[in-house]
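I have placed the structure first, in the form of structure tokens, so that the comments after it can refer back to it.
The values are calculated or read from the model by the stated rules, or taken from the named source; none is laboratory data. Since we're looking at a predicted model, the values are computed, not measured. Please note: Cβ atoms are built from the backbone with ideal geometry, for glycine as well, and neighbour counts cover all protein chains shown. When the accessible area is computed, the model is the full protein with side chains, heavy atoms only, and any ligands, DNA or RNA have been set aside. Shrake-Rupley method; radii C 1.70, N 1.55, O 1.52, S 1.80 Å.
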Amino acid sequence: ERRKFTLVTHPLQINFKDSKRPYPYKLQVKKFSVSGLYDRDQIVFRLSDFEIKDDRWNIWADRPSKMVTDVIQEYLGKVNLFTGISQEYLDARPDYVLTGTVRAIERFDSGDLWYAHLSVSWKLIDARTNELFWADDFDRRDPVFQQDMSYTVETMSQILRGEVEKAIRNLDWKFANKWRQETGIELLEREKKANNLN
């Protein structure tokens, strides 16, 4: 019997006393692009850099492109980062657009050692100016200590939670300083130091 798996959200720890969330912007979360190797039902097993295999008994409940996009949108919605978040805007134009690419979502299987491998690059574009507001990428291969596929998917979920949490902290910081700049308030100290280095 086939087993279906999906990434899930976990509680985030976002404690930023200078936050002004929710910021008065509409965000469009575009569907993340995923290479054909990974954007399918079967969960990919990587045996080496050159060899992969499918497991017909362990499959994704949704295509990774939809699954990853939905989870990230759910996280952003839970922390109220913006006043509006949607994957589509038909009657209005978003203020910012989040796009991303999943470069790898797989299980690395070396026989007696297993790893959850998740690699993503993503960026936030100001839709009015088409300028890059923020960008980041990660490539993590975290160990899994049980062979059962549920542990690998849980580890992938935890990787994504940690990286989304880091991204939200950075975005919160940047938007708080954007708000301060627009209202004539002194920028937060860390941002001032970063600006002085540029």
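Determine, yes or no, whether Ile72 is assigned to a helix (DSSP H, G or I), touching a helix residue (DSSP H, G or I) at 6+ places or on another chain (Cβ under 8 Å), of a type outside the set (D, E, K, R) and buried (at least 16 other Cβ atoms within 10 Å of the Cβ).
Against the criterion (assigned to a helix (DSSP H, G or I), touching a helix residue (DSSP H, G or I) at 6+ places or on another chain (Cβ under 8 Å), of a type outside the set (D, E, K, R) and buried (at least 16 other Cβ atoms within 10 Å of the Cβ)), Ile72 qualifies.
May I ask you to verify whether Gly84 is among the small types (Gly, Ala, Ser) and more than 16 Å from the chain's Cα centre (by Cα)?
yes
Got a sec? Which of Asp49, Asp18, Asp39 is closer than 19 Å to Leu160 by Cβ and assigned to a loop (DSSP other than H, G, I, E, B)?
Answer to the selection: Asp39.
Residues of the stretch 86-118 being in contact with a Pro (Cβ under 9 Å, 6 or more places away or on another chain) and among the aliphatic types (A, V, I, L, M), which ones?
Val102, Ile105, Leu113, Ala116
For the stretch 81-124, what are the residues that are assigned to a strand (DSSP E or B), open to solvent by 30 Å² or more (accessible area, probe 1.4 Å) and farther than 21 Å from Leu7 by Cβ?
Result: Thr83, single match.
Is there a residue in the stretch 46-59 that is open to solvent by 60 Å² or more (accessible area, probe 1.4 Å), aromatic (Phe, Trp, Tyr) and at pLDDT below 95?
yes
Give me the pairs: first residue in the stretch 143-154 and surrounded by 12 or more Cβ atoms within 10 Å (Cβ to Cβ), second residue not aliphatic (A, V, I, L, M), beta-carbon distance under 6 Å, and six or more apart or on different chains, which are they?
Val144/Trp114; Val144/Tyr151; Val144/Thr152; Val144/Thr155; Met149/Asn58; Thr152/Arg107; Val153/Phe5
Give just the number: which of (1) acidic (Asp, Glu); (2) free of Cβ contacts under 8 Å to residues at least 60 places away in the same chain; (3) in contact with an Asp or Glu (Cβ under 9 Å, 6 or more places away or on another chain) does Asp49 not satisfy?
Result: Asp49 passes all but (3).
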